[in-house]
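Heads up, the thing below is written out as structure tokens.
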Amino acid sequence: MKPCFCYDAIVVGTGAAGYNAACRLKEDGKKSVAIVTEGVNVGTSRNTGSDKQTYYKLGLSGEQADSVRKMAGDLFAGGSVDGDNALCEAALSARCFLHLCELGVPFPVNRYGEYVGYKTDHDPFERATSAGPLTSKFMTECLEREAKRLEVPVFDHLLAVEVLKEENGVCGLLCLDTEKGTFVLFRTPNVVLATGGPAGIYADSVYPACHTGTSSLALEAGASLQNMTEWQYGLASVSPRWNVSGTYMQVLPRFVSVDDKGVEHDFLADYFSDRYEALSAVFLKGYQWPFDSRKVLHGSSVIDLLVYRERVLKRRRVFLDFTKNPFGLTEIDFERLSPEAFSYLQRAEACFGTPIERLQAMNAPAVELYAEKGVDISKTPLEIALCAQHNNGGIAVDKWWQTSVCGLFAAGECAGTHGVARPGGSALNAGQVGSLRAAQYISESNRTVTEETFEKVAKEVLARHSAFCENALKNNNNVREKTAACTRRMSDFGGAIREPSSLRSALQETEREKNSLSSVGVDGKKSLSELYKLKDILCVQCAVLAAFLDFSEKVKGARGSALYYDERGELREGLDECFRFLLASGTTGKVQEVRMEEGKFVTSWRDVRPIPNGGDVFETVWRQYRENKNIY
Ligand SMILES: Cc1cc2nc3c(=O)[nH]c(=O)nc-3n(C[C@H](O)[C@H](O)[C@H](O)COP(=O)(O)OP(=O)(O)OC[C@H]3O[C@@H](n4cnc5c(N)ncnc54)[C@H](O)[C@@H]3O)c2cc1C
């Protein structure tokens with residue numbers, strides 16, 4: 001039998017959630033733990049950011065009284081959220097946030113030590129804070145330093161490819177050494193997936209290019225995904241990948257599309273008869289960044305649809321041009337903008353010049369950011385698309401972030417604890433809380449795995465994977481073109497605009513490709529990781545498309561981040577027929593789940609778990625805590 005490593009827990013991933021899970025386990029000192037990662041420096045946390053990257057926590061400043069219950073209620077109000085997860089995310093938010101502060105994340109305080117907050121979307125309090133555009137990078141670096149201090153072993157360049165299971169739950173993990181193309185085995189009763197969002201399924205994406213995610217590990221182990229219909233999509237530049245939110249929109253850039261003959265189209269002018277109405281909608285996009293079906297008929301999300309129409313339906317490339325004012329205007333008559341846009345730009349002393357001149361005046365770092373990434377937006381137009389940024393759904397977990405498979409946990413963006421809407425910044429908080437909860441549970445768990453059980457399972461799994469790879473090494477190399485084609489198809493037919501018959505054919509095609517993986521080839525052992533990524537992408541795409549299709553058939557309406565075509569629905573004047581839709585109602589008390597059964601993707605619906613009742617008495621809690629009953 002191939003030698004293996006043995007630990008009480010293996011954490012998969014070196015993002016903010018993965019490092020935290022490992023640190024918390026190690027701090028507790030009861031269990032041995034190691035991290036495996038496809039790349040220490042890979043992942044969304046370390047490689048992304050935005051204008052003011054936000055962390056959402058309990059209010060810790062000012063006069064407005066906040067409480068755990070209020071915060072849990074606000075998280076729950078996002079719709080299709082489980083109340084126990086919401087309560088934990090609220091209850092542990094201050095502890096997790098202060099842990100990050102202690103580790104050195106530079107969250108700002110006033111001169112009295114208050115963590116002064118601001119309001120983010122879906123946030124009635126000022127619970128949000130930020131350490132700047134690279135908050136999640138700072139978090140990851142501080143947690144990595146802590147993991148080093150605690151001497152957590154990190155196995156780099158290992159891609160987890162299968163969770164090993166015996167009758168009662170997890171018994172190990174199989175990884176591919178991405179540099180050598182060989183396999184590495186771990187014997188363990190606990191695996192924490194902190195593999196990030198399933199970013200790899202989309203071509204049009206603002207996730208960092210290095211990050212793809214691996215949610216299929218959970219599906220293939222028998223766990224469910226939930227709320228996979230819920231995403232955040234918004235306008236972003238495609239190279240480099242960065243959100244064009246905030247000031248990038250408020251300075252009123254010129255939107256232009258270019259067809260395959262090189263002809264430019266002023267497509268906003270073609271749609272809006274009133275140019276100042278168009279400019280006001282562009283301005284609003286600045287702080288209404290994610291696409292929102294409720295803001296299509298009368299609001300700024302029509303801009304997202306117009307960009308999608310150019311790029312996907314008309315097959316044109318779309319650019320933001322900061323060098324000229326839109327619609328050939330030499331000067332903008334700012335007073336003709338909406339009162340909100342005019343007063344904001346007036347207060348910012350930005351009622352002059354061209355978009356780039358306004359951007360330099362209002363937010364010079366926003367120009368420098370692109371310059372640092374090699375793009376001079378004062379000279380070059382910036383290519384954009386309607387991109388996927390975040391998956392609100394994910395792997396279904398209980399109140400300890402354990403999946404339905406005993407010993408298999410999910411934390412961070414791969415866990416599906418958000419619903420239809422979430423307050424901006426709550427993803428980073430959920431990642432810290434979920435990883436802490438999983439670590440707490442594992443620390444008290446008695447699960448073990450015998451060598452004999454493990455070896456029996458490992459032998460079969462290893463033989464299967466070895467045969468899969470040997471076959472791919474013999475086939476003609478086509479893994480990259482297959483990956484490019486399936487991610488393009490997903491962005492065209494399975495993004496924010498969902499039309500039932502296109503979803504059905506995309507699902508059929510994706511299932512067909514998933515079932516014919518044996519015809520895919522790679523050009524050498526070092527490319528085997530690309531084969532496994534394609535395998536993951538196709539599996540997750542099938543689950544996501546099955547969820548979309550089921551939603552379109554059962555709910556027949558749009559909510560949050562997507563439109564589902566409905567011939568009975570409303571259509572904003574001047575838009576194409578495929579943008580006709582109805583708004584859904586009454587679905588937010590339910591959670592949709594999708595799982596794999598004998599290779600097929602099966603969906604089901606359940607009621608949300610309510611927020612648990614409060615009313616605990618200190619003495620009871622204390623006694624139970626001493627007896628450790630609170631863990632189970
Ligand atoms: C542009 C942008 C802006 C954002 N802004 C905000 C914001 O303001 N506030 C907020 O709360 N959230 C924001 N988010 C979301 C947030 O950044 C992510 O949800 C979060 O960073 C994910 O952290 P994570 O630890 O779960 O995963 P990641 O940081 O993505 O880490 C995943 C890790 O798993 C590893 N991995 C994956 N699969 C495998 C495998 N099979 N084997 C081994 N290793 C594997 C990767 O190498 C990586 O180390 C934003 C996201 C984007 C893209």
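Quick note: the coordinates plus some simple rules give every number you see, no bench work behind them. For clarity, every value in this text was computed on a predicted model and none was experimentally measured. Neighbour counts are summed over all protein chains in view; Cβ atoms, including those assigned to glycine, are modelled from backbone coordinates with ideal geometry.
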Check: If you add up the charges near residue 527, with Lys and Arg at +1 and Asp and Glu at -1, over every other residue whose beta carbon is less than 11 angstrom from its beta carbon, what do you get?
Finding: +2
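What order do you get for 18-27, 233-242, 176-185 when each peptide is scored by the mean count of other beta carbon atoms within 10 Å, highest first? Mind showing how you got there, number by number?
On the way: 18-27: 27.5, 233-242: 21.5, 176-185: 17.7.
The densest-packed peptide leads the list: 18-27, 233-242, 176-185.
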Margin query: I'd like to compare 260-271, 451-462: which one has the highest average count of other Cβ atoms within 10 Å, and what's the full order after that?
Written below: 451-462, 260-271
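Could you compute the net charge surrounding residue 573? Neighbours are other residues with a C-beta less than 13 Å from the C-beta of residue 573; K and R count +1, D and E count -1. Write down the numbers at each step before the final one.
Values: positive: 572, 580; negative: 274, 277, 570, 576, 577.
Local net charge: -3.
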Checklist line | 5 angstrom amide H check on residue 560, placed H, neighbours 5+ away | finding: 293, 294
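Could you sort out which of 314/600; 456/525; 399/526 sit more than 31 Å apart by Cα distance in this structure?
Details: 314/600 34 Å; 456/525 26 Å; 399/526 39 Å.
As for pairs spanning more than 31 Å Cα to Cα, those are 314/600; 399/526.
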Next item on the list: Only helical DSSP H runs with n ≥ 4 go in: add -39500 (n - 2.57) per run for the chain, normalise by residue count and round the 222 nm mean residue ellipticity to 500 deg cm²/dmol.
Entry: -11500 deg cm²/dmol
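What ranking do 515-523, 38-46 get when scored by the average of other Cβ atoms within 10 Å per residue, highest first? Provide the component values of the computation, followed by the final result.
Details: 515-523: 15.6, 38-46: 22.8.
Per-residue mean Cβ counts within 10 Å order the peptides as 38-46, 515-523.
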Next item on the list: Report the dimensions of region 237-386 along its three principal axes from the alpha-carbon atoms, largest first, rounded to Å.
Entry: 40, 38, 29
Margin query: To check my understanding: the extent here is largest minus smallest coordinate of the Cα atoms along each principal axis. What are those three numbers for region 100-166, in Å, largest first?
Written below: 50, 31, 23
Margin query: Going 7 Å from the Cα of residue 112 along its beta-carbon direction, which residues of region 66-100 have the amide nitrogen within less than 17 Å of the resulting point?
Written below: 66
Note to self: Along each principal axis of its Cα atoms, how long is region 195-262 end to end? Whole angstroms, biggest number first, please.
What the structure shows: 49, 31, 22
Next item on the list: Step through the table entries 2/137; 30/70; 31/148; 261/285, compare each Cα-Cα distance with 26 Å, and write down the pairs that go over it.
Entry: 2/137; 30/70; 261/285
Next item on the list: Run through every distinct alpha carbon pair of the chain and return the Kirkwood hydrodynamic radius in angstroms, one decimal place.
Entry: 25.3 Å
Note to self: I want to make sure I understand the PRE zone here: with the label point 7 angstrom from the Cα of residue 168 toward its beta carbon, which residues in region 439-454 have backbone N atoms less than 14 Å away?
What the structure shows: 445-454
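Among residues other than residue 617 whose Cβ falls under 15 Å from its Cβ, what is the net charge (Lys/Arg +1, Asp/Glu -1)?
Values: positive: 623, 626, 629; negative: 616, 619.
Its environment carries a net charge of +1.
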Checklist line | Distance-filtered residues of region 435-464 - backbone nitrogen under 18 Å, label point 7 angstrom along residue 182 Cα→Cβ | finding: 459, 462-464
Check: So which aspartates and glutamates can residue 629 reach, going by Cα to Cα under 19 Å and dropping same-chain residues fewer than 8 places off?
Finding: 28, 84, 398, 444, 616, 619
